[in-house]
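> Supplied in structure tokens, the structure appears directly below.
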Amino acid sequence: MPLAGIYDPSGPGRMLFAFFAAMAETEREAIREAILEGLDAAARKGNHGGRRPVITDDMLHTLLRRRAAGEKVDDIRKDLIIPTGKNKGHNPSPASIYRALAEHEKTSAYPEAVEQAHADFPALQ
């Protein structure tokens, strides 16, 4: 005896089930395309979404200068203050600092790749 609420399509029910599945897939694809078009339109206007970086350019400059002088990241972190956002007035996390340092290392290690990406970006639009 089958359990109540369990649907096992067979016969004409199988065809109806396949029809609804195809309709749902078509709707999902239409929603996906609309979202991608909206993101593309926003990117053309200069809005790329996502959070703003916690570590500003001024904070990164201070961080790099003080690290070059031999200070520890944790000591520097206590003096840095987040200027905007929901954590305004707090210190950035060590993960944010190390992420910003890694990003800076990448951009300074491959400056020609960064310049090429900036040059290629308008062509992709």
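> Please report how far the C-alpha centroid of the range 70-125 lies from that of the range 15-35, rounded to the nearest whole angstrom.
41
> Report the one residue of Gly46, Ala18, Pro92 whose Cα lies farthest in the direction of the positive end of the charge dipole of the chain (charges on C-beta: Lys and Arg +1, Asp and Glu -1; origin at the Cα centre).
Highest projection toward the positive end goes to Pro92.
> Using only Cα atoms, tell me the angle between helix 12-44 and the longest principal axis of the chain; keep it within 0 to 90° and round to the nearest 10.
30
> Magnitude of the Cβ-charge dipole of the chain, K/R +1 and D/E -1, about the Cα centre, nearest 20 debye?
Computed charge dipole of the chain: roughly 600 debye.
> I've got another one for you. So what are the three principal axis dimensions of the range 9-50 from its Cα atoms, in whole Å, longest to shortest?
Each principal axis gives a Cα extent; for the range 9-50 these are 53, 15, 5 Å.
> Here is a further query. Can you give the relative contact order of the range 50-125 as a percent, counting alpha carbon pairs under 8 Å and 6+ residues apart?
25
> Set the Förster distance to 30 Å, then compute FRET efficiency between Glu103 and Leu39 from the Cβ-Cβ distance, nearest 0.05.
0.85
> Taking one equal scatterer on every alpha-carbon of the range 5-125, how large is log10 of I(q)/I(0) by Debye at q = 0.11, 0.15, 0.19 1/Å?
-0.65, -0.87, -1.11
> So if I place +1 on the C-beta of Lys and Arg and -1 on the C-beta of Asp and Glu, and nothing else carries charge, what would the dipole magnitude of the range 57-124 be about its Cα centre? I want it in debye, nearest 20. Walk me through the intermediate numbers first.
Working: 10 positive and 11 negative charges, 89 e Å.
That gives the range 57-124 a dipole magnitude of about 420 debye.
> Between Leu16, Leu39, Leu60, which gets the highest mean-square fluctuation from a Gaussian network model of the chain, Cα cutoff 10 Å?
Maximum fluctuation in the GNM of the chain, among the listed residues, is at Leu16.
> Arranged by the count of other C-beta atoms within 10 angstrom, fewest first, what order do His104, His118, His90 take? Before the final figure, lay out each step's value.
Details: His104 16, His118 9, His90 12.
So the residues, fewest neighbours to most, are His118, His90, His104.
> Okay, moving on. Sort Met59, Met23 by Cβ crowding within 10 Å, fewest neighbours at the top.
Arranged by neighbour count, lowest to highest, Met59, Met23 become Met23, Met59.
> Farthest toward the dipole's positive end in the chain, which of His104, Val73, Phe121, given Cβ charges of +1 (Lys, Arg) and -1 (Asp, Glu) about the Cα centre?
Ranked along the dipole, the leading option is Val73.
> Relative to the longest principal Cα axis of the chain, at what angle does helix 111-124 sit, 0 to 90 degrees, rounded to 10?
40
> Rounded, prolate or oblate: which fits the range 57-124, taking a ≥ b ≥ c as square roots of the Cα gyration tensor eigenvalues, rounded meaning a/c under 1.5, else prolate when a/b beats b/c?
oblate
> Moving to a separate point now. Against the longest alpha carbon principal axis of the chain, how many degrees, from 0 to 90 and to the nearest 10, is the axis of helix 94-109 turned?
Here the helix axis deviates by roughly 80 degrees.
> Within straight cross-link reach of Lys45, meaning Cα distance under 26 Å, which lysines are found once same-chain residues fewer than 8 apart are removed?
Lys86
Computed from the coordinates by the stated procedures, all read-outs in this text should not be read as laboratory data. All values derive from a computational prediction rather than experimental measurement. Every residue, glycine among them, receives a Cβ derived from its backbone with ideal geometry; neighbour counts consider all protein chains shown.
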